[in-house]
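Heads up, the thing below is written out as structure tokens.
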Amino acid sequence: MKCKVQLIGRLGAEPEITTLPNAAQVANLSIATEEYWKDKQGQAQRRTTWHRVKFWSEGTIGFIERNIAKGQLVEIEGTFRYEEYTDREGVKNKVPVINGTNIMPLSFNEGQAASGAAGEGSGAGNGEDIPF
């Protein structure tokens with residue numbers, strides 16, 4: 001069985017591409033999603049949730065480097081897991097992380113062209129099928 005995640009949100013920072021000691025690369029993204037509702041008094045409420053997303057595919061990392069930037073609205077697909085780390089005080093912690101498999105820009109920054117999606121199992125499109 002598998003836990004599949006789909007997010008639509010905005011990048012809160014520029015993608016961070018890191019090269020690991022084994023020469024593999026990882027792209028780290030910080031994605032904000034928002035929920036809106038009205039409380040019992042009829043007042044509009046909003047909640048922002050931040051998500052850590054990691055991409056490991058070389059092709060997708062290249063796409064992210066060329067096409068994804070802070071503030072962009074993106075759709076992310078991936079799987080959910082927890083990563084463990086030990087803080088400075090020696091306490092072990094777990095944080096939720098999404099291992100991204102696909103990313104599609106839903107908005108474009110100035111100077112960017114609509115170049116489609118990137119990810120395992122999806123190629124780059126020409127943007128003609130975008131309905132807006």
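The values are calculated or read from the model by the stated rules, or taken from the named source; none is laboratory data. Just so it is clear, the model here is predicted, and its values are computed rather than measured. Ideal geometry is used to build each Cβ from the backbone, glycine not excepted, and the neighbour counts take in all protein chains shown.
Mind checking which residues of segment 9-26 are in contact (Cβ under 8 Å) with a residue 40 or more places away in the chain, part of a strand (DSSP E or B) and touching a Ser or Thr at 6+ places or on another chain (Cβ under 8 Å)?
Gly9, Leu11
Restricting attention to segment 36-44, does a residue exist that is of a type in the set (Ser, Thr, Tyr), assigned to a helix (DSSP H, G or I) and either closer than 22 Å to Val5 by Cα or modelled with pLDDT of 95 or more (or both)?
Taking every residue of segment 36-44 in turn, none turns out to be of a type in the set (Ser, Thr, Tyr), assigned to a helix (DSSP H, G or I) and either closer than 22 Å to Val5 by Cα or modelled with pLDDT of 95 or more (or both).
Going by the structure shown, is Glu77 of a type in the set (D, E, K, R) and surrounded by 15 or more Cβ atoms within 10 Å (Cβ to Cβ)?
Criteria met by Glu77.
If you take the residues in segment 51-65 that are in a helix (DSSP H, G or I) and hydrophobic (A, V, I, L, M, F, W, C), which one is nearest to Ile8 (Cα to Cα)?
Looking at residues that are in a helix (DSSP H, G or I) and hydrophobic (A, V, I, L, M, F, W, C), I get Ile64.
It is to be established whether one or more residues within segment 15-28 are in contact with an Asp or Glu (Cβ under 8 Å, 6 or more places away or on another chain), surrounded by 10 or more Cβ atoms within 10 Å (Cβ to Cβ) and either hydroxyl-bearing (Ser, Thr, Tyr) or at positive phi (or both).
Checked segment 15-28: no residue is in contact with an Asp or Glu (Cβ under 8 Å, 6 or more places away or on another chain), surrounded by 10 or more Cβ atoms within 10 Å (Cβ to Cβ) and either hydroxyl-bearing (Ser, Thr, Tyr) or at positive phi (or both).
Taking Ala32 as the residue in question, decide whether it is modelled with pLDDT of 95 or more, assigned to a strand (DSSP E or B), among the small types (Gly, Ala, Ser) and closer than 15 Å to Thr101 by Cβ.
When the stated conditions are applied, Ala32 does not pass them.
How about segment 47-70: which of its residues are exposed (fewer than 12 other Cβ atoms within 10 Å of the Cβ) and either in contact (Cβ under 8 Å) with a residue 60 or more places away in the chain or under 17 Å from Leu7 (Cβ atoms) (or both)?
Arg47, Thr48, Thr49, Trp50
Quick check on segment 66-83: of everything there that is assigned to a strand (DSSP E or B) and modelled with pLDDT of 95 or more, which residue is nearest to the chain's Cα centre (by Cα)?
Ile76
If you take the residues in segment 84-99 that are acidic (Asp, Glu) and in a loop (DSSP other than H, G, I, E, B), which one is surrounded by the fewest Cβ atoms within 10 Å (Cβ to Cβ)?
Checking each candidate, the answer is Glu89.
So, of the residues in segment 29-46 that are in contact (Cβ under 8 Å) with a residue 24 or more places away in the chain and not aliphatic (A, V, I, L, M), which turns out to be surrounded by the most Cβ atoms within 10 Å (Cβ to Cβ)?
Thr33
Test each condition in (1) out of contact with any Phe, Trp or Tyr (no Cβ under 7 Å at 6 or more places or on another chain); (2) closer than 19 Å to Gly12 by Cβ; (3) at pLDDT 60 or above; (4) surrounded by 11 or more Cβ atoms within 10 Å (Cβ to Cβ) for Asn102 and report the one that comes out false.
All conditions pass for Asn102, except number (2).
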